[in-house]
Amino acid sequence: MGRVRTRVRTGAVAGAAALAVAAGLPGAARAEGTAPQPVPTYRAADGAKAVAGKPSTADAPLLEAGSVYQDEISPGERVYRLVLEKDRSNVYVSAVVRPGPGAKVTGSDGIEVELMTTAGRSCPGSTGRASFGYDPVPISAAGVRWGAEDADCAPGGVYYVKVTRTSAKGSDQSPWPVELKVQREPGRGAGVPTTAPSSWASGAPTLPGTEAVARTGGTGFNDARALGSGVWRDELRPGQTRFYRVPLDWGQQLGLSAELAAAKLTKQYGGSVSNGLTVSLYSPYRAWSPTTMPPTTASRPGSRWRRPRRSPTRTASRATRTSSPRGSPAGTTSPSPWAGRSPTSPRTRRPCR
């Protein structure tokens, strides 16, 4: 079991954000003298309603804003129905898929969420996607109806949500649990910012302190533990994912440094383990941000990974210690700016998908 040391730096906060940290499967690294142990299972949302999506729009079940649903999905499509109002609000539909322990996945496997009109046209900019790396960890994607900007899908009425699970030949083909959540973001009110900041600080933020405080992360979005500015410590088993949430406000950036310690290499990979720990970022609506959190954590046990903070509003991220390390210079890091922005910022939505 490896110890993860995380430094988080934010300014004054309002709202909440989520982070997820995960470790690779047995074989890459382990704590000395220990054997691989089963990892805790993803905690499903309390009160989630059972639903069965259909392969087409015929008899597609209704999803309501503010509700959470549970279904299963095999490779292919599941279709659901929405009834939306013309109120300039944005509506997000997220899908969290959870492969079974030991399920075989590749970078070609993933999940996609798309919102469509009754005519079968995709709402502009609505589709959200997420894909796996080397390990069967929970991933999430979210589709969105942009109520104030996209005339094609602004009118009230019936819409459809299509959730597609992609799967490569040779990957696990069994049904996986999928958690669906519908969230409504009201239109901007009077006195709020109407444009995103024009520039961002590019330097790494000053890290807050050195003394770590123990904080056990959650198993998923539903029980993610809160983190503020500070230094935090947790423990990860190989193949395990931890989720956290961090509050951010308009104009704030998130700075994160993750360090993996107390792990022992069981195989040699040229003196480094480039994907022993990965971090992924999600918006408050569980939308994956692939352009802001690429799976490139080049570090062996004891080295660090850092990303400047850049987003107004709330965010979520997941860090994963993967099972198939790739070589890179020992002890190096992979800094990369996070350019995510608030879903309410006009014309700044692309990085938040």
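With a 10 Å radius around each residue's Cβ, average the other Cβ atoms per peptide and rank 231-238, 252-259, 71-78, highest first.
Sorting 231-238, 252-259, 71-78 by mean packing, highest first, produces 252-259, 231-238, 71-78.
Would you kindly state how much longer the chain becomes between Asp150 and Thr206 on full extension, computed as 0.36 nm times their sequence separation minus their alpha carbon distance, in nm to one decimal?
Result: 16.2 nm gained on full extension.
For Arg233 paired with Ala214, estimate the spin-label separation in nm (one decimal), with each label point 7 Å from Cα along the Cα-to-Cβ line.
Computed distance between label sites Arg233 and Ala214 equals 0.9 nm.
For Lys54, which sequence-distant residues (separation of 5 or more, or a different chain) have an amide H within less than 5 Å of its own amide H, given hydrogens modelled in the peptide plane?
Val79
Could you tell me the center-to-center distance, by alpha carbons, between the stretch 178-234 and the stretch 55-105 in angstrom?
25
Report the dimensions of the stretch 130-220 along its three principal axes from the alpha-carbon atoms, largest first, rounded to Å.
Principal axes ranked by extent give 46, 43, 24 Å for the Cα atoms.
Determine the per residue accessible area of the stretch 103-188 with all protein chains present and a 1.4 angstrom probe, expressed in square angstrom.
37
Could you order peptides 213-219, 160-166 by the average number of other Cβ atoms within 10 Å of their residues, highest first?
The packing order, highest mean first, is 160-166, 213-219.
At 7 Å along Cα-to-Cβ for each site, give me the label-to-label distance between Thr118 and Ser89 in nm.
2.1
In nm, to one decimal, how far is the Arg225 label point from the Ala50 one, both placed 7 Å along Cα→Cβ?
Result for the modelled spin labels: 3.4 nm.
Compute the length gained on full extension between Glu72 and Thr166: take 0.36 nm times their separation in residues and subtract their Cα-Cα distance, giving the result in nm to one decimal.
32.4 nm
At a 10 angstrom cut-off on C-beta neighbours, averaged per residue, how do the peptides 43-56, 168-181, 84-97 rank from highest to lowest?
Going by the mean number of other Cβ atoms within 10 Å, highest first, we get 84-97, 168-181, 43-56.
The values are calculated or read from the model by the stated rules, or taken from the named source; none is laboratory data. In this text the structure is predicted, and so the values were computed from the model without any measurement. In this analysis, Cβ positions are derived from the backbone assuming ideal geometry, glycine residues included, and neighbour counts consider all displayed protein chains. The accessibility values were calculated without ligands, DNA or RNA, using every heavy atom of the protein model including side chains. Shrake-Rupley method; radii C 1.70, N 1.55, O 1.52, S 1.80 Å.
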